[in-house]
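First the structure, in the form of structure tokens, and then the observations on it.
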Amino acid sequence: MRYQRVELPLKLDGLASARAFFAGCLAEGDPASERLWVAHVDDEGRCLHVSRHDGGPDGVDVPVRAIVLEAAQHHSAGILLAHNHPSGDAQPSQADLRGTRRLASAAEALDCQILDHLVFAGSECTSLRRLGYL
């Protein structure tokens with residue numbers, strides 16, 4: 001896991017701002033391995049904390065416990081997730097959907113909402129919220 005310092009006031013208050021921010025995050029690193037970026041925001045969409053979780057060429061796990069712990073530590077009102085698919089297919093996998101659902105259930109206990117989970121593949125980006133999964 002890697003943490004990134006956030007320069008305030010970074011606002012992630014919509015799909016366009018989240019997509020632009022995470023596209024920059026995902027531009028660094030090995031494009032052949034999946035990486036999951038997690039941004040914690042307050043109730044006005046101001047970014048409180050960002051972390052990165054590295055996977056391999058076949059996937060990256062959603063570390064539910066670590067993300068929920070970070071949400072509690074930072075008093076997050078919302079969580080945004082983004083990860084890349086080295087395969088070039090921006091559609092979420094069944095594992096992506098399962099991990100996001102598990103995280104949403106756990107975060108709910110903290111009154112914290114999963115705002116979106118973006119899947120990037122090349123220049124394509126898919127929003128789980130827009131697809132109706134959140």
Point to revise | Exposure rule at most 14 other beta-carbon atoms within 10 Å, DSSP loop GluC sites (Glu not before Pro): the chain longest free segment | key: 45-134
Exercise for review: Run through every distinct alpha carbon pair of region 62-134 and return the Kirkwood hydrodynamic radius in angstroms, one decimal place.
Suggested key: 12.5 Å
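What number do you get for the chain when its Cα radius of gyration is normalised by 2.2 N^0.38 Å, N = residues? If you can, show how the numbers build up before the last one.
Details: Rg = 13.3 Å, N = 134, 2.2 N^0.38 = 14.1 Å.
Output field value: 0.94.
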Check your understanding: Taking H as built 1.01 Å from N, whose amide H comes closer than 5 Å to the amide H of Ile114, not counting residues under 5 places away?
Key -> Ile79
Point to revise | Cubic angstrom per residue, convex hull over Cα atoms of region 67-108 | key: 77 Å³
Check your understanding: So, in nm, how far is label Lys11 from label Glu108 when the simple model puts each one 7 Å beyond its Cα toward the Cβ?
Key -> 3.0 nm
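Read the figures in this text as sums done on the coordinates, not as results from a lab. Not measured: the values here are computed from a predicted model. All Cβ positions, glycine included, derive from the backbone under ideal geometry; neighbour counts span all protein chains shown.
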